[in-house]
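Single-structure report; data block below.
The values are calculated or read from the model by the stated rules, or taken from the named source; none is laboratory data. Quick caveat, the model's predicted, so the values are computed rather than measured. Because the Cβ atoms are built from the backbone with ideal geometry, glycine has one as well, and the counts that use them run over all protein chains shown. Side chains included, ligands, DNA and RNA excluded: accessible areas come from the protein's heavy atoms. Shrake-Rupley method; radii C 1.70, N 1.55, O 1.52, S 1.80 Å.
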Amino acid sequence: MAHYSIGELARRTGLTVKTIRFYSDQGIVPPADRSPAGYRRYDADAVAHLELVRTLRDLGLDLPTIRRVVDREASLPEVAAAHAEALAVQIRTLRLRRAVLAAVARRGSSPEEMDLMHRLARLSEDERRRLVTDFLDAAFDGLDSVPGFAGIMRSMTPELPDDPSPEQLEAWVELAELTQDPGFRAGIRHTAEHHAADHHTTEHDATGHHATPPRPDAAALAREHARPALAAGVDPGSPEADPVVAAVATRYARDRGLPDSPELRRRLLARLESANDPRRERYLELLAVVNGWPAPESLSPALDWFTAALHTRLPSAC
């Protein structure tokens, strides 16, 4: 079998003599024998071992682990799997850090806000679930018997994937921060209570059981009627807006078994202003990014138009 001097081995592998001598001293690539003059000599196995060592070092493995692989104390697939998992953890950590730093740079955050975002980004999956559950419970507690509320809660639940993109991580950090905003939480609760109150009236079916007929909420009703007028460029204060306001108010009143009146219209206006919170729209935008959903259509233009039209038609004393 051919033997190589340390210089020849360096030329064959592309490693420096100093590096090969270090690996040899560590027992990772020991010499096969020594020349009569005492110089180290290596066989063909040393070439293969050095190629393996160089590859594993390039992949980030430490020398004790590499020695275990070379000595066959641990199998290469087992070591590779363990190292891949360790790298996955490091990658997730780096992505979290990137998300926080990107958000801080974009928003010009204070040190206190940055600290909050950093803590939110580091939450475990269970901790994230508890944070979201706490937010949704605060918004919908006691309202779960209202038709459709279970679906609304599900539709507002973020589910960060196991391997999120940087954009999903940054969206999660901002969304989690938003759920901790007392004003936003109170606004969502206020809107939920309005929705529940609007669905309180019930009818009886043929068997005498309560049956609540499907009905659009105030925001959906206003958006449906305002969208064509907005697209047509109708001024909300013009006479052309009268039939739009009348159609929404009439339908809203009829669905709730109430007469169309200034009092009902003020109630409708309050519902719409509550639903038109820009923080709510931002939450839904972030939710879509985190969950990988299509971006939601903005409600604000239609609701802005309709609330302006409705407000101008309320008695001035109100």
**Asked** Taking Asp181 and the conditions (1) buried (at least 16 other Cβ atoms within 10 Å of the Cβ); (2) modelled with pLDDT of 90 or more; (3) of a type in the set (Asp, Glu), which numbered condition does it fall short on, given that it satisfies the others?
**Response** (1)
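Give Asp33, Asp58 a once-over and let me know the one that is open to solvent by 60 Å² or more (accessible area, probe 1.4 Å) and under 25 Å from Asp163 (Cα atoms).
Working: Asp33 fails: under 25 Å from Asp163 (Cα atoms).
That would be Asp58, the only listed residue that is open to solvent by 60 Å² or more (accessible area, probe 1.4 Å) and under 25 Å from Asp163 (Cα atoms).
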**Complete:** Within region 36-55, restricting to residues that are open to solvent by less than 40 Å² (accessible area, probe 1.4 Å) and outside any helix (DSSP H, G or I), the one that is farthest from Ala80 (Cα to Cα) is Gly38
**Fill in**
Going through region 61-76 in order, the residues found to be closer than 17 Å to Ala86 by Cα, open to solvent by 60 Å² or more (accessible area, probe 1.4 Å) and assigned to a helix (DSSP H, G or I) are Pro64, Leu76
**Fill in**
How many residues of region 160-171 are surrounded by 13 or more Cβ atoms within 10 Å (Cβ to Cβ) and part of a loop (DSSP other than H, G, I, E, B)? The answer is 3
**Request:** Can you confirm whether region 37-48 contains a residue that is within 26 Å of Glu73 (Cβ to Cβ), within 46 Å of the chain's Cα centre (by Cα) and modelled with pLDDT of 90 or more?
**Result:** no
**Request:** Identify, from the list Leu101, Leu87, the residue that is open to solvent by 60 Å² or more (accessible area, probe 1.4 Å), free of Cβ contacts under 8 Å to residues at least 12 places away in the same chain and out of contact with any helix residue (DSSP H, G or I) (no Cβ under 8 Å at 6 or more places or on another chain).
**Result:** Leu101
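Of Ala275, Ala220, which residue is open to solvent by less than 60 Å² (accessible area, probe 1.4 Å), without any contact (Cβ under 8 Å) to a residue 40 or more places away in the chain and small (Gly, Ala, Ser)?
On the way: Ala275 fails: without any contact (Cβ under 8 Å) to a residue 40 or more places away in the chain.
Step by step, each of Ala275, Ala220 is checked, and only Ala220 is open to solvent by less than 60 Å² (accessible area, probe 1.4 Å), without any contact (Cβ under 8 Å) to a residue 40 or more places away in the chain and small (Gly, Ala, Ser).
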**Request:** Restrict the check to region 278-291 and report whether at least one residue is over 14 Å from Thr179 (Cα atoms), of a type outside the set (D, E, K, R) and in a loop (DSSP other than H, G, I, E, B).
**Result:** no
**Request:** Would you mind stating whether Leu136 is touching a helix residue (DSSP H, G or I) at 6+ places or on another chain (Cβ under 9 Å) and in a loop (DSSP other than H, G, I, E, B)?
**Result:** no
**Message:** Every residue in region 9-36 that is within 14 Å of Val70 (Cβ to Cβ) and of a type in the set (Ser, Thr, Tyr), please.
**Reply:** Tyr23, Ser24
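Take region 228-268 and flag every residue that is assigned to a helix (DSSP H, G or I), of a type outside the set (Lys, Arg), open to solvent by 50 Å² or more (accessible area, probe 1.4 Å) and in contact with a Leu (Cβ under 9 Å, 6 or more places away or on another chain). Show your work before the answer.
First, the residues of region 228-268 that are assigned to a helix (DSSP H, G or I): 228-231, 239-255, 262-268.
With of a type outside the set (Lys, Arg) added as a condition, the list becomes 228-231, 239-250, 252-253, 255, 262-264, 268.
Next, only the ones that are open to solvent by 50 Å² or more (accessible area, probe 1.4 Å) stay: 228, 230-231, 239-240, 242-243, 250, 262-263.
Answer for region 228-268, where residues must be assigned to a helix (DSSP H, G or I), of a type outside the set (Lys, Arg), open to solvent by 50 Å² or more (accessible area, probe 1.4 Å) and in contact with a Leu (Cβ under 9 Å, 6 or more places away or on another chain): just Pro262.
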**Message:** Let me spell it out: the conditions are (1) within 30 Å of Trp172 (Cβ to Cβ); (2) open to solvent by 40 Å² or more (accessible area, probe 1.4 Å), and Thr19 meets all of them except one. Which number is the exception?
**Reply:** (1)
**Prompt:** Within region 291-306, which residues are surrounded by fewer than 20 Cβ atoms within 10 Å (Cβ to Cβ) and more than 27 Å from the chain's Cα centre (by Cα)?
**Reply:** Asp304
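Which of the residues that make up region 105-133 are charged (D, E, K, R) and either assigned to a helix (DSSP H, G or I) or modelled with pLDDT of 85 or more (or both)? Before you say what the answer is, go through the steps one by one.
We begin by selecting, within region 105-133, every residue charged (D, E, K, R); these are 106-107, 112-113, 115, 119, 122, 125-130.
Result: Arg106, Arg107, Glu112, Glu113, Asp115, Arg119, Glu125, Asp126, Glu127, Arg128, Arg129, Arg130.
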**Prompt:** Mind checking which residues of region 7-36 are more than 24 Å from Arg72 (Cβ to Cβ) and not charged (D, E, K, R)?
**Reply:** Gly7, Ala10, Gly14, Thr16, Val17, Ser35, Pro36
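Which residue out of Ala102, Ala84 is of a type outside the set (D, E, K, R), modelled with pLDDT under 90 and over 17 Å from the mean Cα position of the chain (by Cα)? Steps first, please.
Values: Ala102 fails: over 17 Å from the mean Cα position of the chain (by Cα).
Sole residue among the options that is of a type outside the set (D, E, K, R), modelled with pLDDT under 90 and over 17 Å from the mean Cα position of the chain (by Cα): Ala84.
Would you confirm, using the coordinates I've provided, whether Phe149 is within 18 Å of Ser274 (Cα to Cα), modelled with pLDDT under 90 and hydrophobic (A, V, I, L, M, F, W, C)? Walk me through how you get there before you give the answer.
On the way: within 18 Å of Ser274 (Cα to Cα): yes; modelled with pLDDT under 90: yes; hydrophobic (A, V, I, L, M, F, W, C): yes.
Against the criterion (within 18 Å of Ser274 (Cα to Cα), modelled with pLDDT under 90 and hydrophobic (A, V, I, L, M, F, W, C)), Phe149 qualifies.
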**Request:** Name every residue in region 115-150 that is exposed (fewer than 14 other Cβ atoms within 10 Å of the Cβ) and touching a Leu at 6+ places or on another chain (Cβ under 9 Å), in order of residue number.
**Result:** Arg122, Glu125, Arg130
